[in-house]
Every structure is written in structure tokens, then in C-alpha cells.
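Novice: Supplied in C-alpha cells, the structure appears directly below.
The values are calculated or read from the model by the stated rules, or taken from the named source; none is laboratory data. No experiment lies behind these values; they were computed from the predicted model shown. Here Cβ is always computed from backbone atoms with ideal geometry, including for glycine, and neighbour counts include all displayed protein chains. Accessible surface is based on the protein model in full, side chains and every heavy atom, while ligands, DNA and RNA are left aside. Shrake-Rupley method; radii C 1.70, N 1.55, O 1.52, S 1.80 Å.
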Amino acid sequence: MEDKQLRLETKCYDANEYGYLYGLNKKIPDEEFEKVKPYMKNFRRKDFMDGIIKVTGRPEGYRCLKEDVPKIEEILNIQNTVEKRSEKIRKAMQNPDEKEKLKDQTLQWIQALYTKGGTQPEQDLSRLVIHSTKIYDPNDSYKNGKKEGQGVLFIYTPHGIWYIINNSRESANKSLNNVKTSDGGAIGYRLMYDDNLDTIIRIYTEENLYTGDKLY
């Protein structure tokens, strides 16, 4: 099997202080790691403002700030840089046709990943919201569709990223619901944080944060 290309990727999102923290996607020889170690910090729970209750992902381990990413990439001669990946997405989002195709593709990936690999524990929407680090509402779908029982949310929590599908219409099959809401329930899937998952969610939602009525 071909070895995956070395790159820096997001490991976690800290809502309080650091934002995204980055780490290597695979182990490298010790002598190579020593070269970049000065630009990284071995993070522990105590290094975060509220422990890790406002952190989504894997905060513990050697991580770096976004400002130090280019230095590490240069030292390790990483070709698949964070900036190159970001620029590719930015270019696609600037072209209306490419943007539509990309958003359609990311939605298909999201639905496949969550329905095939996600878990569906019983949960309460208000609890997820209270413990969230951020909530994306694509095209304000939940904000505008809440009263009609429609809309989706992506809720980042310490235990993963939830995909919430409002399922509270009168005609809805509420036996499918595993998330309690004040309006009648929702279908919720949870996946652990992953750089690729985070990226496609950010593309699909265009990082549009929920701004509707309080959900708790």
C-alpha cells in the first residue's frame, strides 16, 4: 500500500483561545521531528482555558499554531501545504459552477460518511448546544426552517461533530428521531473529529454560523 503523503492537518478546534491547532498526519523519524519541535508544543488539558470542554477533536499531543505551519512545512519539505489546499478551495468557491458542483459533492460525502459510519446515541439538542464549540447552519436552513420542522445543523462538541437533521414536521416519522428538541425531535449522527470531515463541512456550510433563536 502506498504511504500517505506527509502533511500538516488540523487536529482540533479550540473555541476559547487557539482556534485550530495543527499536527502531522503521520509519525516521522526522530531526527526530523527534532528540527520542527521548537515550533510545536506538547499540549495537555491544563494548557486550555477551560480544560478541554470547549475543544473539538484531539487536543493532546504535539500541535502548532496556524502561524507556524509554513515554517514546519518548509523545514520538512512538505509539498501538500495547508495554503495550497486552502487556495484550491477558494478558487473553486469563486466560480459559481465549480462552487455548486463542490457543494453538491461535499453534501454527498457528508451524508455517506455520517449514515454509514456515524453513531446515533440518544441525546438532547439543548445539551449539545450548551457544550458546543461552534454550530454551522448551512444557508440558515435551521434558523429559517425550524418552525416548519426543517433544516440541518453541524454541531461541534468535545465528543465529535454532530449532523442534526430536523425531523419535527407533523407528517414526519418521529420514530427515527434520537435527538430531543423543543419542537418534536431530530435525527442526529455523530462522528469523531477528522481534518477531512471538518474541511468538507466547512465547504458545504460556507462556515455560516447559526444565528437563530436559542436552542436551549
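Novice: Which of the residues spanning segment 42-85 are surrounded by 16 or more Cβ atoms within 10 Å (Cβ to Cβ), without any contact (Cβ under 8 Å) to a residue 60 or more places away in the chain and not acidic (Asp, Glu)?
Specialist: Within segment 42-85, PHE43, PHE48, PRO59, TYR62, ARG63, CYS64 qualify.
Novice: Quick one: count up the residues across segment 89-99 that are closer than 27 Å to ILE155 by Cβ and surrounded by fewer than 11 Cβ atoms within 10 Å (Cβ to Cβ). Step through it out loud before you land on a result.
Specialist: First, pick out the residues of segment 89-99 that are closer than 27 Å to ILE155 by Cβ: 89-90, 92-93, 99.
From the residues that got through so far, the ones that are surrounded by fewer than 11 Cβ atoms within 10 Å (Cβ to Cβ) too are 90.
Adding up the residues that qualify gives 1.
Novice: Follow-up. Is there any pair linking a residue in segment 167-182 that is touching a residue at least 40 places away in the same chain (Cβ under 8 Å) to one that is of a type outside the set (Phe, Trp, Tyr) and open to solvent by 30 Å² or more (accessible area, probe 1.4 Å), with Cβ under 6 Å and at least six apart or on different chains, and which?
Specialist: Going by the 6 Å Cβ cut-off, the qualifying pairs are ASN178/GLN120; ASN178/GLU122; VAL179/GLN123; LYS180/ASP124.
Novice: Of all residues in segment 161-184, how many are surrounded by 18 or more Cβ atoms within 10 Å (Cβ to Cβ) and of a type in the set (Ser, Thr, Tyr)?
Specialist: 3
Novice: Also, I was wondering about something else. What are the residues in segment 171-198 that are of a type outside the set (A, V, I, L, M) and not in a loop (DSSP other than H, G, I, E, B), if any?
Specialist: Let us first name the residues in segment 171-198 that are of a type outside the set (A, V, I, L, M), namely 171, 173-175, 177-178, 180-185, 188-190, 193-196, 198.
Within segment 171-198, LYS174, SER175, LYS180, GLY188, TYR189, ARG190, ASP195, ASN196, ASP198 qualify.
Novice: For GLU206, indicate whether it is open to solvent by 40 Å² or more (accessible area, probe 1.4 Å) and more than 30 Å from LEU24 (Cα to Cα). Lay out the reasoning, then the answer.
Specialist: Numbers: open to solvent by 40 Å² or more (accessible area, probe 1.4 Å): yes; more than 30 Å from LEU24 (Cα to Cα): no.
No, not satisfied.
Novice: Just checking, how many residues over segment 109-118 are under 16 Å from the mean Cα position of the chain (by Cα) and of a type outside the set (A, V, I, L, M, F, W, C)?
Specialist: Within segment 109-118, the first condition is being under 16 Å from the mean Cα position of the chain (by Cα), and the residues that meet it are 109-114, 117-118.
Among the residues that remain, those that are also of a type outside the set (A, V, I, L, M, F, W, C) are: 111, 114, 117-118.
So the answer is 4.
Novice: In segment 103-140, what count of residues is obtained for those that are in contact (Cβ under 8 Å) with a residue 12 or more places away in the chain, small (Gly, Ala, Ser) and part of a helix (DSSP H, G or I)? So that I can check it myself, show each step before the final result.
Specialist: Step one: filter segment 103-140 for residues in contact (Cβ under 8 Å) with a residue 12 or more places away in the chain, giving 103, 106-107, 109-110, 113-115, 117-140.
Narrowing further to those that are small (Gly, Ala, Ser): 117-118, 126, 132.
Retained after the next criterion (residues that are part of a helix (DSSP H, G or I)): 117, 126.
Of the residues in segment 103-140, 2 are in contact (Cβ under 8 Å) with a residue 12 or more places away in the chain, small (Gly, Ala, Ser) and part of a helix (DSSP H, G or I).
Novice: So which pairs qualify, if the first residue must be in segment 141-156 and free of Cβ contacts under 8 Å to residues at least 60 places away in the same chain and not assigned by the TED database to the domain that holds VAL55, the second must be assigned to a strand (DSSP E or B) and among the basic types (Lys, Arg), the Cβ gap must be under 8 Å, and the two must be at least 6 apart or on different chains?
Specialist: Listed by first residue and then by second, the contacts come to nothing, as the list is empty.
Novice: Tell me, which residue of segment 185-199 that is open to solvent by 20 Å² or more (accessible area, probe 1.4 Å) and among the aliphatic types (A, V, I, L, M) is farthest from the chain's Cα centre (by Cα)?
Specialist: ILE187
Novice: Please specify each residue of segment 41-89 satisfying the condition of being in a helix (DSSP H, G or I) and over 24 Å from LYS4 (Cβ atoms). Show your work before the answer.
Specialist: Here is the first cut: in segment 41-89, the residues in a helix (DSSP H, G or I) are 45-47, 66-75, 82-89.
ARG45, LYS46, ASP47, GLU67 - these are the residues of segment 41-89 that are in a helix (DSSP H, G or I) and over 24 Å from LYS4 (Cβ atoms).
Novice: Kindly evaluate SER168 against the criterion of being at pLDDT 95 or above and outside any loop (DSSP other than H, G, I, E, B).
Specialist: Values: at pLDDT 95 or above: yes; outside any loop (DSSP other than H, G, I, E, B): no.
Here the answer is no, as SER168 does not meet what is asked.
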